[in-house]
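J.: Could you have a look at this structure, given as C-alpha cells, before my questions?
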Amino acid sequence: MDRIASFSVDHDRLEKGMYISRVDGDVVTYDIRMKKPNGGDYLGYAELHTFEHLFATYARNSIYRDSVVYVGPMGCRTGFYLLLRDTVSGGEAIDLVRQSFSFISAFEGEIPGAKRQECGNWQEHDLAGARRTASDMLTVLENWNTEKLAY
Ligand SMILES: [Zn+2]
C-alpha cells in the first residue's frame, strides 16, 4: 500500500502550530499541532476528549458552521485535524481556530454533549487540562499567518 501524505511529513521537524495537511477537492485538512511529535508530552485522554467537545461545539456554531466538515483528535495525541470547505480562506481558518481556543481557554460550566446519553465515555473529561492547552496554543498561534500554514 502507498504511504499516505500525512505520514510523509518529517515529524522530527514539526513544531507546534497550524498547517495545511492536505486538500481533497474543495475540502482542506488543517493539522493543528499542539504538542511536539515524540516530545514525551502528549494530550491526556480526558483532556483531548473535552477539547474535542468544546472545539466542535464552537466551530459548528461559528459563522463558518456550514463549512465545517469535521473536527477531531489525532490518534497520537499531539493535535487535532480540522476539515473545512475551501470557501473558508486560510486566514479565516486561523481566525476560527484562535476564536475556538479563546472560547475553550475561558470555558466554565457544563461541557456540551457530555451527558451519558450524548457521549461514548461521558465520565472521561478534563476541562482544566483542555483550558490549559487552549491557552498554550493561543500563544503559539498569536502571530500565525497564511505563510506559516505550509509545512
Ligand atoms: Zn464524548
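The values are calculated or read from the model by the stated rules, or taken from the named source; none is laboratory data. Predicted model only: the values in this text are computed from it and were never measured. Cβ atoms come from the backbone with ideal geometry, glycine included; neighbour counts cover every protein chain shown. For accessibility, only protein heavy atoms count, side chains too; no ligands or nucleic acids. Shrake-Rupley method; radii C 1.70, N 1.55, O 1.52, S 1.80 Å.
J.: Going by what's in this entry, would I94 be described as open to solvent by less than 70 Å² (accessible area, probe 1.4 Å), within 16 Å of the ligand (Cβ to nearest atom) and either in contact with a Leu (Cβ under 7 Å, 6 or more places away or on another chain) or on the phi < 0 side of the Ramachandran plot (or both)?
T.: So I94 fails the test.
J.: So which residues in the range 14-52 are touching a Cys at 6+ places or on another chain (Cβ under 8 Å) and either crowded, with 23+ Cβ neighbours inside 10 Å or free of Cβ contacts under 8 Å to residues at least 24 places away in the same chain (or both)?
T.: none
J.: Can you tell me which of L127, L141 is within 13 Å of the chain's Cα centre (by Cα) and closer than 24 Å to H49 by Cβ?
T.: L141
J.: Could you tell me whether the range 116-139 includes any residue that is without any contact (Cβ under 8 Å) to a residue 12 or more places away in the chain and within 19 Å of L14 (Cα to Cα)?
T.: Scanning the range 116-139, I find at least one residue that is without any contact (Cβ under 8 Å) to a residue 12 or more places away in the chain and within 19 Å of L14 (Cα to Cα), so the answer is yes.
J.: Follow-up. Among the residues of the range 114-134, which ones are touching a Phe, Trp or Tyr at 6+ places or on another chain (Cβ under 8 Å) and open to solvent by 50 Å² or more (accessible area, probe 1.4 Å)?
T.: K115, R116, E124, R131
Okay, residues lined up against (1) within 16 Å of the ligand (Cβ to nearest atom); (2) open to solvent by 70 Å² or more (accessible area, probe 1.4 Å):
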residue	(1), (2)
T57	yes, no
Y64	no, no
R85	no, yes
E108	no, yes
I111	yes, no
L138	no, no
K148	no, yes
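J.: Among residues belonging to the range 125-136 that are of a type in the set (D, E, K, R) and in a helix (DSSP H, G or I), point out the one that is farthest from the ligand (Cβ to nearest atom).
T.: Among those that are of a type in the set (D, E, K, R) and in a helix (DSSP H, G or I), it is D136.
J.: Out of the range 5-22, which residues are hydroxyl-bearing (S, T, Y) and in a strand (DSSP E or B)?
T.: Across the range 5-22, the qualifying residues are Y19, S21.
J.: In the list Q99, Q117, which residue meets the criterion of being within 16 Å of the ligand (Cβ to nearest atom) and at pLDDT 95 or above?
T.: The conditions single out Q117.
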